[in-house]
Amino acid sequence: MNDINELRNKYLSLYDEVDGISKESLDKIEHELQIKLPNDFCEISSFYSGEDIHSFLFTDPTNIIGETVRIRKTVGLPHRFVVLAEHDMSVIVMDTENKPSIIWIDSIEITKLDEQDFISKPDVWNDFSDFFSFLLDEEEEERNY
């Protein structure tokens, strides 16, 4: 797990301002999705609201609650998973109960999350702070080109 203060400082060096969500918003996510969010996710969300993934803000059309509920209804996504992002032909989910916590899989393999019996090896991060560090590294690399 990464140091949250270091991640916050790196985030601020890239984005200039804090754009987090409130404790009430986190409570709403947990209530609506019937899950317990990991501590590192909650700490990071105090300064990050999901710019590179589905928004943590409910006013945005593709927000974390709406997209998770949609995928649950469409393919029977197990309730412990939260849909963080959908890119091209892939999906990034957070397992709120097990490690690795963050799993980036091919979209067609989303029904295999429970068994983790994937055809293609997914990208995984042990926890949300590791994944967030990856996002910051990607942003930093992109800006340096």
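The values are calculated or read from the model by the stated rules, or taken from the named source; none is laboratory data. Just so we're clear, the structure is a prediction, and the values are computed from it rather than from any experiment. Every residue, glycine as well, gets a Cβ built from its backbone with ideal geometry; the counts of neighbours run over all protein chains shown. Ligands, DNA and RNA are excluded from the accessible area calculation, which covers all protein heavy atoms including side chains. Shrake-Rupley method; radii C 1.70, N 1.55, O 1.52, S 1.80 Å.
Below is a table of values for the structure above.
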item	result
Ser107 more than 18 Å from Gly20 (Cα to Cα) and either free of Cβ contacts under 8 Å to residues at least 24 places away in the same chain or open to solvent by 60 Å² or more (accessible area, probe 1.4 Å) (or both)	yes
Residue match in the stretch 84-96 (condition: closer than 19 Å to Glu138 by Cα, buried (at least 17 other Cβ atoms within 10 Å of the Cβ) and of a type in the set (D, E, K, R))	yes
Of the criteria (1) in contact (Cβ under 8 Å) with a residue 40 or more places away in the chain; (2) closer than 21 Å to Arg8 by Cα; (3) loosely packed, with under 15 Cβ neighbours inside 10 Å; (4) charged (D, E, K, R), which one Glu141 fails	(1)
Residue ID - farthest from Ile35 (Cα to Cα), chosen from residues in the stretch 101-123 that are in contact with a helix residue (DSSP H, G or I) (Cβ under 9 Å, 6 or more places away or on another chain) and of a type in the set (S, T, N, Q)	Ser120
Lone unmet requirement of (1) of a type in the set (D, E, K, R); (2) at pLDDT 95 or above; (3) open to solvent by less than 40 Å² (accessible area, probe 1.4 Å) for Asp123	(3)
Residue count, the stretch 1-41 (criterion: open to solvent by less than 30 Å² (accessible area, probe 1.4 Å), at pLDDT 95 or above and touching a Lys or Arg at 6+ places or on another chain (Cβ under 8 Å))	1
Residue match in the stretch 52-63 (condition: modelled with pLDDT under 95, open to solvent by less than 50 Å² (accessible area, probe 1.4 Å) and β-branched (Val, Ile, Thr))	yes
Failed item in (1) outside any loop (DSSP other than H, G, I, E, B); (2) touching a Pro at 6+ places or on another chain (Cβ under 7 Å), with Glu109 passing the rest	(2)
All positions within the stretch 77-111 that are charged (D, E, K, R) and touching a strand residue (DSSP E or B) at 6+ places or on another chain (Cβ under 8 Å)	Arg80, Glu86, Asp95, Asp106
